[in-house]
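Only one structure is covered here, and it is reproduced in the block below.
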Amino acid sequence: MFSRLMARLARNPSRIKFCTYPGNTVPTLASSTMSSNMRYILVSGGVISGIGKGVIASSIGTILKSCGLKVTSIKIDPYLNIDAGTFSPYEHGEVFVLDDGGEVDLDLGNYERFLDVKLTRDNNITTGKIYQSVISKERKGDYLGKTVQVVPHVTDAIQEWVQRVAKIPVDGKDEEPQVCVIELGGTIGDIEGMPFVEAFRQFQFRVKRENFCCVHVSLVPQPGSTGEQKTKPTQNSVRELRGLGLSPDLVVARSQNPIGQGVKEKISMFCHVSPDQVICIHDCSSIYRVPVMLEEQNVIRFFAERLNLPIPTVNGGKLLRKWRDLSDRFDHLRKEVSIALVGKYTQLEDAYASVLKALKHASLACNHKLTLRYIEAAHLEEESMHSDPVRYHEAWSQLCSSDGVLVPGGFGVRGVEGKIRAAEWARKNKRPYLGVCLGMQVAVIEYARNILGIKDAHSTEFDPKTANPLVIDMPEHNPGNMGGTMRLGQRRTIFKTEDSVLRKLYGKPDYVEERHRHRYEVNPEYVDQLQKKGLHFVGQDVEGERMEIVELEDHPYYVGVQYHPEFLSRPMRPSPPYQGLLLASCGKLQSYISRGCRYSPRETSFYSDTSSEEDDLPSFQSPPRNNSQSSGAE
């Protein structure tokens with residue numbers, strides 16, 4: 001057989017190529033099959049949930065993308081829900097919305113922000129989706145009368161789903177990804193995650209070992225009583241993972257403080273990996289530094305060798321240098337800007353994860369450190385003054401001392417009157433205000449009550465029998481079914497006037513496309529009355545029937561948007577509505593607009609070089625979005 005192989009190579013010597021590896025050069029047989037194979041990186045977690053698997057998975061994708069690879073991501077959630085649409089924010093944090101209307105786990109927001117890609121609803125796999133697919137096939141008779149079981153039918157469905165979704169282009173270039181990073185939610189050992197672990201045990205042989213890599217993220221606690229970093233939880237977690245048939249190629253040790261070499265070698269000894277395969281990620285100032293920390297520990301080099309990746313350089317590219325500079329910039333901010341977030345889910349930061357990220361992106365663009373003040377909307381209401389005067393006065397003190405006000409989206413009547421009062425205060429005191437979704441609706445209700453004199457103006461969501469419904473439910477709304485009945489996904493908003501602050505911030509396009517998630521909208525019957533009094537609806541939907549953007553005249557920045565711009569914010573391309581709020585709160589909005597929506601030369605130089613296609617994070621200016629007169633791509 002060897003002689004036949006040599007004879008073939010003699011007839012076609014071009015099939016021999018030399019691949020450079022660290023320290024040596026070895027000849028390898030070039031194979032079109034090998035070069036086109038999808039590589040899969042599974043990220044699992046141990047000891048506790050919420051350990052940072054999403055950030056680790058996103059960071060791995062980022063450093064691989066910086067090497068010129070096309071990367072996609074999949075998040076697996078072992079719960080029985082079909083999607084995240086009906087979750088309370090206190091269960092799993094915010095519901096992230098995709099272009100196709102998919103309501104998914106917030107980790108997909110991390111993937112999109114880090115990788116600057118646009119995923120689909122199928123990139124979020126749940127146990128509910130898998131079982132729904134299997135049962136549907138069973139009802140159609142696709143299993144030909146066989147007994148349907150977890151193994152092999154459910155595990156096969158998981159593997160087939162992963163392989164199908166991994167091929168979907170996510171960068172807008174219609175090219176299949178080369179690497180798929182898969183995050184397995186939950187913790188190894190959870191009973192609901194067992195079918196997925198078994199599926200990937202089989203999957204590593206299905207796609208071949210050389211195309212599959214397992215990364216295990218585990219906690220290294222440091223009890224305050226001893227101050228010693230303990231490796232036993234990680235040892236037990238890795239032992240359980242190996243007992244289930246998956247052996248980690250990398251162990252990512254998460255800790256509060258940097259891990260010493262001795263602890264690293266102990267993890268290596270008891271977890272069956274070399275010391276170089278133990279990656280230490282301690283708590284740092286911002287998540288922007290995590291890709292840099294991975295690169296500094298030669299993770300790119302490891303993946304290049306382990307998965308035989310076609311990487312021209314193991315040092316990363318311009319994109320990774322941007323991340324390094326971004327994290328350094330974040331660490332050296334000196335000026336502060338304070339924003340009051342008036343909401344109803346303020347006890348859990350993850351309930352407003354994308355909002356927080358969008359604010360941080362915008363504040364970084366303004367060269368200011370963000371101080372975010374979470375204010376429970378109910379504490380601003382008059383009733384609270386009598387029931388809990390201490391919290392009432394604390395809430396109003398925080399609001400009045402903030403540089404800007406943000407009222408994000410939400411559902412339910414609790415805290416609505418407090419949000420209306422916050423919008424009124426910002427309007428009267430000319431404090432920068434941004435209302436998102438419900439935040440826009442309460443601004444309209446407040447204006448109708450106090451300027452138009454319609455004292456009983458309200459929303460049918462909170463008062464179905466109101467005589468003056470300023471906000472009404474949409475025809476799509478099905479009150480009998482909560483899941484997937486909202487106006488969801490990417491929709492087009494047409495600008496109706498040239499003289500719009502938000503239009504200038506977007507780059508003066510004719511229209512923008514942003515993501516929506518709402519059941520209620522401004523009643524068009526009241527639009528003319530509101531506009532005559534100075535509240536202008538400068539953006540509407542394609543049919544001109546739904547109000548999308550509202551701006552108040554003679555105010556530094558008083559803007560409401562029906563869509564959720566935070567879902568498309570990126571670290572180096574902040575969302576224009578949030579950017580406007582932060583610029584106005586810093587006192588820079590007018591100078592920014594007067595310069596043609598550009599930062600000063602000192603601020604812009606940091607992000608100015610975007611000539612290379614390798615740099616997938618564009619400059620720090622707000623590019624035109626879907627501008628029919630512009631040739632620039634987002």
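The values are calculated or read from the model by the stated rules, or taken from the named source; none is laboratory data. Worth saying up front: this structure is predicted, and the values here are computed from it rather than measured. We place every Cβ from the backbone using ideal geometry, glycine too, and count neighbours over all the protein chains shown. Heavy atoms of the whole protein, side chains included, go into the accessibility calculation; ligands, DNA and RNA do not. Shrake-Rupley method; radii C 1.70, N 1.55, O 1.52, S 1.80 Å.
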Relative to the Cα centre, what is the charge dipole magnitude of the chain, using +1 at the beta carbon of each Lys and Arg, -1 at the beta carbon of each Asp and Glu, and rounding to the nearest 20 debye? 2000 debye
Would you be so kind as to identify which of PHE411, VAL154, TYR374 lies farthest towards the positive end of the dipole of the chain, taking Lys and Arg as +1 and Asp and Glu as -1 on Cβ and the Cα centre as origin? VAL154
Given points 7 Å out from each Cα along the Cα-Cβ axis, report the SER247 to GLN149 separation in nanometres with one decimal. 2.7 nm
With the cut-off at 22 Å, tell me which of the pairs LYS369/LYS508; LYS360/LYS588; LYS430/LYS504; LYS65/LYS118 have Cα atoms farther apart than that. LYS369/LYS508
Of all accessible heavy-atom area on the chain, the percent that carbon and sulfur account for (1.4 Å): 49 percent
Karplus-derived 3J(HN,Hα), 6.51/-1.76/1.60, for each residue of region 222-238, Hz, glycine and proline x: 9, x, x, 5, 10, x, 9, 6, 9, 9, 4, x, 5, 4, 5, 5, 5
Amide H partners (placed H, <5 Å) of HIS518, local residues excluded: ARG487
FRET efficiency for ASP388 and THR460, Cβ-Cβ distance as r, R0 = 45 Å, nearest 0.05? 0.95
For THR147, THR234, the accessible-area ranking with a 1.4 Å probe, largest leading, is THR147, THR234
Per residue, accessible area of the chain with a 1.4 Å probe, heavy atoms of protein chains only, in Å², comes to 42 Å²
All lysines inside 20 Å of LYS455 as judged from Cα atoms, apart from same-chain residues fewer than 8 positions distant: LYS419, LYS428, LYS465, LYS532, LYS533
Net length gained if the chain between SER225 and ARG334 were fully extended (0.36 nm per residue, minus Cα distance): 35.7 nm
Looking only at region 59-97, which residues have a backbone nitrogen under 14 Å from a spot 7 Å from the Cα of GLU175 in the C-beta direction? 65-72
May I ask for the net charge around ALA426, where only other residues with Cβ less than 13 Å from the Cβ of ALA426 are counted and Lys, Arg are +1 while Asp, Glu are -1? +3
If I model a spin label as a point 7 Å beyond the Cα along the Cα-Cβ vector, how far apart are those points for ARG595 and GLU498 in nm? 2.5 nm
Sequence-distant or interchain residues sharing an amide H contact under 5 Å with ILE48, placed H: which? LEU219
How many percent of all Cα-Cα pairs in region 54-112 sit more than 14 Å apart? 59 percent
Estimated FRET transfer efficiency when R0 is 45 angstrom, pair ASN298-ARG414 (beta carbons, to 0.05): 0.35
Over all alpha-carbon pairs of region 390-458, lay out the pair-distance distribution in 5 Å bins, whole %, shortest bin first. 4, 16, 28, 25, 19, 8, 0
R0 of 60 Å, Cβ-Cβ distance LYS533-GLU265: FRET efficiency to nearest 0.05: 0.25
Given points 7 Å out from each Cα along the Cα-Cβ axis, report the ARG139 to MET474 separation in nanometres with one decimal. 2.7 nm
Work out from phi, with θ = phi - 60° and the Karplus expression 6.51 cos²θ - 1.76 cosθ + 1.60, the ³J(HN,Hα) of each residue of region 496-511, listed in order in whole Hz, and give x for Gly and Pro. 9, 8, 6, 8, 10, 4, 5, 5, 5, 5, 6, x, 6, x, 6, 7
With θ set to phi - 60° and the Karplus curve 6.51 cos²θ - 1.76 cosθ + 1.60, what are the ³J(HN,Hα) couplings of region 70-75 in order, to the nearest whole Hz, using x for Gly and Pro? 8, 10, 10, 9, 9, 10
Trypsin sites (Lys or Arg not before Pro) within region 116-147: which are DSSP loop residues with at most 15 other Cβ atoms inside 10 Å? LYS146
Hey, of (1) 20; (2) 32; (3) 70, which did the structure itself give for percent of Cα pairs over 47 Å apart when calculated? (1)
To the nearest 10 degrees, how steep is helix 194-206 against the longest Cα principal axis of the chain, on a 0 to 90 scale? 50 degrees
Counting only residues 5 or more apart in sequence or on a different chain, those whose built amide H sits under 5 Å from that of GLU548 are GLY539, GLN540, ASP541
Go from 0 up to the bin containing the longest alpha carbon distance in region 434-590, width 5 Å each, and give me the % of pairs per bin. 2, 9, 18, 23, 20, 15, 9, 4, 1, 0
